[in-house]
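K.L.:
The structure's right below; bear with me while I get my questions together.
The values are calculated or read from the model by the stated rules, or taken from the named source; none is laboratory data. This one's a predicted model, so the numbers in the text were calculated from it and none came from an experiment. No Cβ is skipped: glycine too gets one built from the backbone with ideal geometry, and neighbour counts run over all protein chains shown.
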Ligand code: MV4
């Protein structure tokens, strides 16, 4: 096994990866910016290297500094976590060129899935169901009109370099099409430096369901079931579930098998997530994420599989130690993302945590780098903790989540804990009756009541 791994990240995910390493007897190297000197991921690492100033582009995104840190510490592999450089194909390539192992998929697959048009065409070629739309980029208004008429209005204009909800325009009728197309192209160019756009039929009120997969270097590829991530605000996930989701085990097996067949053909390695929209009957591929995801713990709690340890073993060159039939789905799991934000308007709330008490007990997991006295910094993502609970049924899980949220004390700063408490008391949520628009509507109505 590797003797030492560098973790090119910070916060809870850096700790999550360190924990996996420690259990495997692997030494860890933390990298940090100047302002992160006292961060928990630095304190818990075996070694640490300062890689630059506060601004992420000069530190956590600073490829030469990270490669240098890996070289001077005699590191063998780099885990990128999520965000930062995790889906940067050229970083993955540079890591390998320096004789280091990148703990993730091949850079060719990262690059392919980063291009939304190319990934959708590839998904279709591999036999996955896709949303009806243009075959590839839309270059002129005539093709756009023809395509839109064929699939029927309303349609969406999506940016190929977008993803995660950025660069999407809704077009309700033909007379808006030309304007929207021109505008979408202009916006995509300034936001992503790429003006390639495509058309898709609008699905009304779908759920966001994603499949977790793991593939080794020997052609074995399995899925760990699905997560329902429909509860989002401005394309940021707020709460995720695994176990008893909107689909039954028959549909899980069917779509899971299709996903595995498709990605086996591609020769995909390491962890990945295939995102679908689900309209209550059919699945439609929308994108694939080629990294470890924030919400991976809900899958770990229902399958009992440590996804980060599996990533490391795969990167080292070990075959998967289990087959699809060994993967059991046990009970239900929910993750609440806790952000350092004002619960009323979601504005950032950095500052010193004066009081800290994390919940615990049966079926409760907290992934966080917080401690009493820590100062939440304004420079980075506002996610400060993930509260993940497990139960034999969804109902047991909800009861456990309520008591765990009640136990959680984060003093000195504002957090989104109060919002999570409100969400899980909503009848629609309790009954599992929600789609990708439900949370925004709930938050809007709540705002009106408050005023
Ligand atoms: C869609 C859609 C409806 N129809 N595509 C937004 C983020 C990106 N991952 C895909 N998104 C959507 N694509 C078609 N053809 C609705 C959304 C969408 C959404 C998707 C997942 C989670 C939250 C969402 C919130 C609003 C819109």
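K.L.:
If you take just the helices (runs of 4 or more DSSP H) that sit entirely in the range 1-115, which of them hold at least 2 residues that are farther than 26 Å from residue 388 by Cβ, out of contact with any helix residue (DSSP H, G or I) (no Cβ under 6 Å at 6 or more places or on another chain) and at pLDDT 95 or above? Walk me through it before giving the result.
P.N.:
Values: elements: 11-23, 40-43, 63-72, 89-97, 107-114.
Output list reads 63-72, 89-97, 107-114.
K.L.:
Taking the stated definitions as given, is residue 119 surrounded by 15 or more Cβ atoms within 10 Å (Cβ to Cβ), touching a residue at least 60 places away in the same chain (Cβ under 8 Å) and more than 17 Å from residue 5 (Cβ to Cβ)?
P.N.:
Against the criterion (surrounded by 15 or more Cβ atoms within 10 Å (Cβ to Cβ), touching a residue at least 60 places away in the same chain (Cβ under 8 Å) and more than 17 Å from residue 5 (Cβ to Cβ)), residue 119 qualifies.
K.L.:
Something else now. Might you let me know whether the range 299-320 holds any residue that is within 13 Å of the chain's Cα centre (by Cα) and away from the ligand (no atom under 16 Å from the Cβ)? Outline the logic, then answer.
P.N.:
Here is the first cut: in the range 299-320, the residues within 13 Å of the chain's Cα centre (by Cα) are 299.
Checking which are away from the ligand (no atom under 16 Å from the Cβ) leaves us with 299.
Checked against the condition, which is being within 13 Å of the chain's Cα centre (by Cα) and away from the ligand (no atom under 16 Å from the Cβ), the range 299-320 yields at least one hit.
K.L.:
Give the residues of the range 205-220 that are in a loop (DSSP other than H, G, I, E, B) and touching a residue at least 60 places away in the same chain (Cβ under 8 Å), sorted by residue number.
P.N.:
Filtering the range 205-220 down to residues in a loop (DSSP other than H, G, I, E, B) leaves 205-206, 216-220.
Once the filter is applied, which keeps residues that are in a loop (DSSP other than H, G, I, E, B) and touching a residue at least 60 places away in the same chain (Cβ under 8 Å), the range 205-220 yields 205, 206, 216, 217, 218, 220.
K.L.:
Moving on. Look at the range 190-204 and say how many of its residues are assigned to a helix (DSSP H, G or I) and either within 14 Å of the ligand (Cβ to nearest atom) or crowded, with 16+ Cβ neighbours inside 10 Å (or both).
P.N.:
Going through the range 190-204, the residues assigned to a helix (DSSP H, G or I) turn out to be 190-192.
Checking which are either within 14 Å of the ligand (Cβ to nearest atom) or crowded, with 16+ Cβ neighbours inside 10 Å (or both) leaves us with 192.
Qualifying residue count for the region: 1.
K.L.:
Just checking, which of 48, 55, 59 is under 30 Å from residue 352 (Cβ atoms) and in contact (Cβ under 8 Å) with a residue 60 or more places away in the chain?
P.N.:
Working: 48 fails: in contact (Cβ under 8 Å) with a residue 60 or more places away in the chain; 59 fails: in contact (Cβ under 8 Å) with a residue 60 or more places away in the chain.
Of 48, 55, 59, the one residue that is under 30 Å from residue 352 (Cβ atoms) and in contact (Cβ under 8 Å) with a residue 60 or more places away in the chain is 55.
K.L.:
Out of the residues in the range 164-189 meeting the condition of being more than 17 Å from residue 142 (Cβ to Cβ) and in contact with a helix residue (DSSP H, G or I) (Cβ under 7 Å, 6 or more places away or on another chain), tell me which one is farthest from the ligand (Cβ to nearest atom).
P.N.:
If we take residues in the range 164-189 being more than 17 Å from residue 142 (Cβ to Cβ) and in contact with a helix residue (DSSP H, G or I) (Cβ under 7 Å, 6 or more places away or on another chain), then 169 is farthest from the ligand (Cβ to nearest atom).
K.L.:
Hey, can you tell me all the residues within the range 205-221 that are more than 19 Å from the chain's Cα centre (by Cα) and away from the ligand (no atom under 16 Å from the Cβ)? Before the answer, list the steps.
P.N.:
Here is the first cut: in the range 205-221, the ones more than 19 Å from the chain's Cα centre (by Cα) are 205, 216-221.
Matches in the range 205-221: 216, 217, 218, 219, 220, 221.
K.L.:
Any idea which of 36, 46 is crowded, with 23+ Cβ neighbours inside 10 Å and over 23 Å from the mean Cα position of the chain (by Cα)? Let's see the steps before the verdict.
P.N.:
Numbers: 46 fails: crowded, with 23+ Cβ neighbours inside 10 Å.
Going through 36, 46 in turn, just one is crowded, with 23+ Cβ neighbours inside 10 Å and over 23 Å from the mean Cα position of the chain (by Cα): 36.
K.L.:
If residue 267 meets every condition in (1) more than 16 Å from the ligand (Cβ to nearest atom); (2) in contact with a helix residue (DSSP H, G or I) (Cβ under 6 Å, 6 or more places away or on another chain) apart from one, which number is that one?
P.N.:
(2)
K.L.:
Given (1) farther than 26 Å from residue 271 by Cβ; (2) touching a helix residue (DSSP H, G or I) at 6+ places or on another chain (Cβ under 8 Å), where does residue 346 come up short, assuming only one miss?
P.N.:
(2)
K.L.:
Please enumerate the residues belonging to the range 221-240 that are part of a strand (DSSP E or B), in contact with a strand residue (DSSP E or B) (Cβ under 9 Å, 6 or more places away or on another chain) and within 18 Å of residue 382 (Cα to Cα).
P.N.:
Applying the first criterion (part of a strand (DSSP E or B)) to the range 221-240 yields 221-233, 236-240.
If we keep only those that are in contact with a strand residue (DSSP E or B) (Cβ under 9 Å, 6 or more places away or on another chain) too, we end up with 221-232, 236-240.
Within the range 221-240, 231, 232, 236, 237, 238, 239, 240 qualify.
K.L.:
Also, quick follow-up: Taking the range 427-445, which residues are surrounded by 13 or more Cβ atoms within 10 Å (Cβ to Cβ), part of a loop (DSSP other than H, G, I, E, B) and more than 13 Å from the ligand (Cβ to nearest atom)?
P.N.:
Scanning the range 427-445 gives a single hit, 432.
K.L.:
Then there's this: Of all residues being farther than 21 Å from residue 282 by Cα and out of contact with any helix residue (DSSP H, G or I) (no Cβ under 8 Å at 6 or more places or on another chain) in the range 130-163, which is nearest to the ligand (Cβ to nearest atom)? Just the residue, please.
P.N.:
It comes out as 147.
K.L.:
Sticking with this one: Criterion first (away from the ligand (no atom under 16 Å from the Cβ) and closer than 20 Å to residue 7 by Cβ) does residue 127 satisfy it? Lay out the reasoning, then the answer.
P.N.:
Working: away from the ligand (no atom under 16 Å from the Cβ): yes; closer than 20 Å to residue 7 by Cβ: no.
No; evaluated as a whole, the condition is false for this residue.
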